[in-house]
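The values are calculated or read from the model by the stated rules, or taken from the named source; none is laboratory data. This structure is a prediction, so every number in the text was calculated from the model and none was measured. We place every Cβ from the backbone using ideal geometry, glycine too, and count neighbours over all the protein chains shown. Heavy atoms of the whole protein, side chains included, go into the accessibility calculation; ligands, DNA and RNA do not. Shrake-Rupley method; radii C 1.70, N 1.55, O 1.52, S 1.80 Å.
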Amino acid sequence: MSVLRVEQVNVEIGRESILEDISFEIAEGESMALIGHNGAGKSTLMKTIIGFQQKREGSIHIHDKDQDRDYLAYKKFFSYIPEEPFLLPELTVIQHFQLYGQSYDMEEDDLIAQAEEWLHLFEIEDKREEYPESLSKGMRQKVQTICALLPDVPLLLIDEPFVGLDVYAIQNLEEILLQKQRKGTSILLTTHQLERMEKLATSYIMLQKGKIEEQGSIEQFKQLSRRIEE
């Protein structure tokens, strides 16, 4: 079953074409990697799916929810881990979790129990009452990551998830993502760390100058990488 469906999406910024005729689908439990050089359109595509960037043409659906026609319902089907953490300076760590959980209609007891588990896993349980300004970038990234992992959504959108994380946090995040994928969560991610991408992804799309250059299974990508290295 298709979770994310992107059809004939075109994006222009000013008069410059950034994305052209982008179409693909992500199935339930599929993890797709967006690959491409800087400026290929990966971040623009991610922002377009989230709704931060306006389309000129095309449609995007998560399950049966149309991004343009029912965005309030659409946005509850995904959560997002950005490359740079965006936290509100007036909220403590635990208040960020509560706000995020409330926006997805999570039960308070379930929210707190899950938050406490991941605070411990990411080794920031002593920071629950701290404000963002007192946290290092790596800690802020952990808080942002936990926020996105809290709701049980069908689609995770992840932009460079390992930037700023220590080696133990990276290992823990990898395992969480693999567990979610095994339970049916679909994932769309970008990362420059090819080894980790090959471990997490089941398929890939390669963008070049705003167009889909090629796409296929991750095994096809591994074979292509080996041929290039040889």
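Does any residue of region 200-217 turn out to be crowded, with 20+ Cβ neighbours inside 10 Å, free of Cβ contacts under 8 Å to residues at least 60 places away in the same chain and closer than 26 Å to Lys47 by Cβ?
For region 200-217, residues crowded, with 20+ Cβ neighbours inside 10 Å, free of Cβ contacts under 8 Å to residues at least 60 places away in the same chain and closer than 26 Å to Lys47 by Cβ: absent.
Look through region 103-136, keep the residues that are more than 30 Å from Ile62 (Cβ to Cβ) and assigned to a helix (DSSP H, G or I), and return whichever of them is nearest to the chain's Cα centre (by Cα).
His120
If you take the residues of region 55-91 that are of a type in the set (A, V, I, L, M, F, W, C) and in a strand (DSSP E or B), which of them is nearest to Glu133 (Cα to Cα)?
Initial filter on region 55-91 (of a type in the set (A, V, I, L, M, F, W, C)): 60, 62, 72-73, 77-78, 81, 86-88, 91.
From what is left, the residues that are in a strand (DSSP E or B) are 60, 62, 78, 81.
On the way: Ile60: 36, Ile62: 35, Phe78: 27, Ile81: 19 Å.
Residue satisfying both the conditions and the ranking: Ile81.
For residues in region 72-124 being under 24 Å from Ser31 (Cα atoms) and of a type in the set (D, E, K, R), which is most open to solvent (accessible area, probe 1.4 Å)?
Glu84
Looking only at region 126-144, which residues are surrounded by fewer than 20 Cβ atoms within 10 Å (Cβ to Cβ) and polar (S, T, N, Q)?
Ser134, Ser136
If the Cβ limit is 8 Å and pairs must be 6+ apart or interchain, which residue in region 38-64 that is touching a residue at least 60 places away in the same chain (Cβ under 8 Å) and more than 15 Å from Ser79 (Cβ to Cβ) pairs with which residue that is of a type in the set (Ser, Thr, Tyr) and surrounded by 15 or more Cβ atoms within 10 Å (Cβ to Cβ)?
Between residues of region 38-64 that are touching a residue at least 60 places away in the same chain (Cβ under 8 Å) and more than 15 Å from Ser79 (Cβ to Cβ) and residues that are of a type in the set (Ser, Thr, Tyr) and surrounded by 15 or more Cβ atoms within 10 Å (Cβ to Cβ), the close pairs are Lys42/Thr190; Ser43/Thr190.
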